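Student: Could you have a look at this structure, given as structure tokens, before my questions?
The values are calculated or read from the model by the stated rules, or taken from the named source; none is laboratory data. What you see is a predicted model; the values in this text were computed from it and never measured. So basically every Cβ, Gly included, is an ideal-geometry build from the backbone, and we count neighbours across all protein chains shown. Surface accessibility is based on the protein's heavy atoms, side chains included, excluding ligands, DNA and RNA. Shrake-Rupley method; radii C 1.70, N 1.55, O 1.52, S 1.80 Å.
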Amino acid sequence: MSLTRHLTRGRDLARSAGDHAADVFAPLALIGRGLRRHADWAKARWAATPKERRGPTLLVGAAVVLGVLLLPHGPLLAIVALVASAAWVGHTPKAPAEPAPDPADVKLPALYAALTPYFGGYDDPGALYRVDGEWKAAFDGWEFDADGRLAAVEIAYPAYFTDTEPAARARIEQVVQGKAGRSREYRFDWDEELNRLRVSALAPLPADVAAQRFVTAPGEIVLGFTDGTGSQRTIPVEQGGVTEQQPPVVWRVGPRSAEPHLLALGAPGHGTSTLLRSIALQALPLGDLVVVDGASTGEHACLVNRPGVHTVETSLHGALAALEWCAQETERRLVALNAARHHGLAAPADVTRPLWILLDRLTELSELAHAEGRTDPQELLEVPLRHGRAARVTVVFVDALDARDRISPTVRACTRTRVVLGPVNADSGAAALGGPLDIAPAAHTPPGRGYARIGTAAPVRLQVPVTVDPLDEDAPAPLRDAVVALLPHRDARAGAAAPAPLVAELVEPSRADLSKEPAEVPVEVPVEVPAKDLTSGLAMDLAREAAPAGESAPGRPRPVW
């Protein structure tokens, strides 16, 4: 055995022996401490007794001792009483805990000192903010929560501070958020007339609202939920097994909407595809969908072959064909609507049914098109974007936050409904929303958390409903079942032994015959497709190759791929 191990073992034994000795001799130490205090008390009393009274005091004490000795069991009782008294006196009571300091006396002086370099006027002897200044003169109406964190405060600042400059405001907001805690969101209300800044901490939004049917009017889409100040109404939602009233962020689409198209940007993994699925599930009951998955991640494979879904494309060739058909369909709808108005007739049902163009990461296909020298898919969106409101065509463009510079100017100009998800700062948030963000984002945000701005309104906080991919086996089963219940027909993801035959519906749209009703010739071509191809979009390509060229399907015209 090594010397180090011997020393370590000896040290452990010595420590254990010391602990046991302390436990054994603790009562003796307690009694000894009490006897010492008794002796100190007796010495103090003797010193305080006048000299002329010390003789009688000794005489009385001797008489008491003699009486105790003469009593039966007197000495034993005296010793027991002395030991008990010494044990009582030797017990050291716990000192009362010092009261916790007032959070205002601790945190507000630190905030005052941090704001002094920005608000202080070094040439002004009576400046509100100075090194030796009083913080109570600058702050008013502060509140702290149960955890001692700053919940609200009103800050006065000098009139010469440049509160009209966004950069100056951003510096102050950053300092306040750093001193109050970056784990929460804060709303900053600048009162430029009174030179007051009101700061309030915002409560977290509910993140457990699953996909469901929301109580809305036709043409209304629930983007998510916000706080009481961001919405003028509430709707009932199923939350945690009970029905709660939550304020929604409602986006109105249709021919009378001022903001018919949406642009959503977000950090990877923070809910942009979830938002697109939520919009698709709400739009399917009353409209048709064309989905383009530019990242080819299979996030929207659950929409393949669903009633009302024209196509789900993942390749550049399919995306170009689908978007070209969308542009021709928009023109056809415009011609049909104008002809109906000219003759005073009701518009046909196939042009009044909403058409949704859902685009996920289209910029990746744009880069691929540039590399191959082909048409940029974003160029084909010009007609649906500019004339979509009149033609009942809505475009939802979802992409990554760092791809904002690769989005075409037409898309940025025509999408006046903006959503940004994930962690952002003041600059990136304002650039994504197209306006200043008066809310300081938290350092860490859950998936689906962000901000929304509809038109020229002020940005509001947003929490997207939890709309998972039902084909994702890692997602919780209740959340997957909630999405499956909203799809147009029963989900077949749990072991379909024989995949259902696909129906290819093709038609040759002609610009010369846009105002005419399409011929209704049903064509059904059964194609056996492996189940794994259903999630990759290959089934649609196989169906198109198997269908005879030049045939048409009943109802609305279908694209030619």
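Student: Leaving out ligands, DNA and RNA, what percent of the accessible area of region 166-248 is carbon and sulfur, probe 1.4 Å?
Tutor: Carbon and sulfur: 50 percent of the exposed surface of region 166-248.
Student: How much of the accessible area of region 64-121, probe 1.4 Å, is carbon plus sulfur, in whole percent?
Tutor: Here it works out to 76 percent.
Student: Follow-up question, since we're still on this one. Taking amide H positions as placed 1.01 Å from N in the peptide plane, with prolines and chain starts having none, which residues 5 or more places from residue 309, or on another chain, fall under 5 Å of its amide H?
Tutor: Under 5 Å from the amide H of residue 309 lie the amide H atoms of 289, each far enough along the sequence or on another chain.
Student: Could you state the accessible area per residue of region 353-455 in Å², with a 1.4 Å probe and every protein chain left in place?
Tutor: Dividing the accessible area of region 353-455 by its residue count gives 39 Å².
Student: Residue by residue through region 313-322, what is 3J(HN,Hα) from phi via Karplus (6.51 cos²θ - 1.76 cosθ + 1.60, θ = phi - 60°)? Round to whole Hz and write x for glycine and proline.
Tutor: Once θ is set to phi - 60°, the couplings for region 313-322 become 9, 10, 9, 5, 4, x, 5, 4, 5, 5 Hz.
Student: So how do 326-335, 110-119 stack up, highest first, on mean other-Cβ count within 10 Å?
Tutor: Highest mean packing first, the order is 326-335, 110-119.
Student: Here is a further query. Taking the Kirkwood radius as the inverse of the mean 1/r across Cα pairs, report the Rg/Rh of region 293-397.
Tutor: Value, to two decimals: 1.03.
Student: Using the basic label-point model (7 angstrom from Cα toward the beta carbon), what is the residue 51 to residue 341 distance in nanometres?
Tutor: 12.3
Student: Please compute the Kirkwood hydrodynamic radius over region 308-467, one decimal place, Å, based on all pairs of different Cα atoms.
Tutor: About 17.5 Å for region 308-467.
Student: Another question, then. Determine, for each peptide in 55-66, 216-227, the mean count of other beta carbons within 10 angstrom over its residues, then list the peptides with the highest first.
Tutor: 216-227, 55-66
Student: At a temperature of 10 °C and a viscosity of 1.306 mPa s, determine how fast region 164-238 diffuses translationally according to Stokes-Einstein, using the Kirkwood radius over alpha-carbon pairs as Rh; express D in µm²/s, rounded to the nearest whole number.
Tutor: 102
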